[in-house]
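Participant: Let me begin by handing over the structure; questions about it come next.
Please treat every number below as a calculation from the coordinates, not as lab data. These figures come from a predicted structure and were not determined experimentally. Cβ: placed from backbone, ideal geometry, glycine included. Neighbour counts: every protein chain shown.
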Amino acid sequence: MSKTQFLNRLFDAHAKDLQEFYAEEEDIFICPICMTGFSRDAIKEKNVTDGHVWPKSIRMVSKKARNMHVLLCADCNHVAGERGDAQMQLHEEIRKGEETGKPHRSRIVHLRRKQDDIPISLNAVVSYNLEDKSITVSGRLDRDAKWRDSRPEDQARFMELFQKQEPVDILIHPPRDYKPELAEAGWITSAYLMGFYSLGYRFIFHPSLDPVREYILNSFDKTIKENPVKLNPDDFGIWEQKSGHSADPELLFMVPFELGKRVYLQANCLKYEIRLPFRYRYPVLMPILHRIIPGFAIKLPSLREAKETVFFSIPHNKISGHRSWYDDLLGTPHIKREPFPQDASSEESIVRQ
C-alpha cells in the first residue's frame, strides 16, 4: 500500500466516524488537536499526514503501538513530534541511564568547594556504579591533558582541586535540551490520540476535553518554561508508578464506585498512567454494567462499600470501523460548521453548539 493510499484509508475511517452523527459533510476530516477541518484534497496538498499515536522509541518495542495511526494536520503533527515526542524519548533515555548506571549524553557537572561559592563547570560524561554507589566523572582531554569543551579558568581550578585533593560537592545537571514539562505533555498527547484512535470523534468532541487540547496546544509554544496548566487529577494528569506496565499501550475505562469520584479513561504504557476525562450519558451506564458484569446487581452494594474501581479494557478502534457500547455511552455530540476560510479552500472550522 502506498503512502497516499494509506492516508486515504485513514481519511475514510475518520470521515465515516464523523458522518455517523455529522451528516452535513460526507468527506471531511477534523484534526483532533487543533480541530480544523480538511477536505480530501488536503492529502494531495500535504496539509494532513500520518500521525503516529506513540513516539518512535515505544513503537520500536511494541507492535501494538506501531500499528496505531491517526490522521493529523501537518502543523500539529510536526510540532508534536518536535516537542512532546522528542522530550518523551529523551526522558526515557535519562531514566534508563540512571537505572543502568550509564547516564545518557554528556552533562554539565558543577564542582563546588565548601569554602567557595563559585562552582567549577565541566562538560563531562558521568557514570554510576550501582554496587558501591560511586560516581565517575570523565571528559575528553587534548594533547596537553586539558579538559575539552570546558572554559580554561574552570580547567585550571579543577587541576588545582585535583592536586590538593580537596573535598567538593558535585552537582550533575540533566542534558541542556531536557524539558521535563514537555515530556509530560508528550505522554498526555499520546494518551489523548489513543483515545481518539479507539473511541473517535464522539469522545474528543465533548467539552471536557477542551482543557486537554488547550494543554497540548500550549505545549507547542516554544516560549513555555514550565507546565502550561496546572493539572487537575480529577480531569487529567500523569503519574509514574513503581511497578511498571508493559511497553504495549493499553486504554482502560475506569469506573470508581466511591461517592463523588468521576469515571475516566486511563492509558498505561511503561511506568506511566495517564488519566483523561470521560463524560457520558449517565442513564446509559448502569444498564450497560448490568449487562456486561455477571451478577452486577448482587455485587453493587459491596463495590460501593469497598469504594472499588472497576475497569474495562478498550481493545477496538475507529480506524477499523468498530462499533461498541462506548458509542451509546458517549452519545451524539452537537456540532455546527463555520464557512470555509477564503484563503484556504481545503480547510474549515468545526465548533460545538
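Participant: Per-residue counts of other Cβ atoms within 10 Å, averaged by peptide: what ranking do you get for 197-205, 267-275, 297-305, highest first? Numbers along the way, then the final one.
Facilitator: On the way: 197-205: 23.8, 267-275: 20.9, 297-305: 11.8.
Highest to lowest by the protection proxy: 197-205, 267-275, 297-305.
Participant: Using θ = phi - 60° and the Karplus form 6.51 cos²θ - 1.76 cosθ + 1.60, what ³J(HN,Hα) does each residue of segment 53-69 get, whole Hz, x for Gly and Pro?
Facilitator: 5, 10, x, 4, 4, 7, 4, 5, 10, 9, 5, 4, 5, 5, 8, 8, 10
Participant: State which entries of 46/271; 63/271; 63/299; 16/261 exceed 29 angstrom in Cα-Cα distance in the structure shown. Could the numbers behind the result be given before it?
Facilitator: On the way: 46/271 35 Å; 63/271 18 Å; 63/299 37 Å; 16/261 34 Å.
Result: 46/271; 63/299; 16/261 exceed 29 Å.
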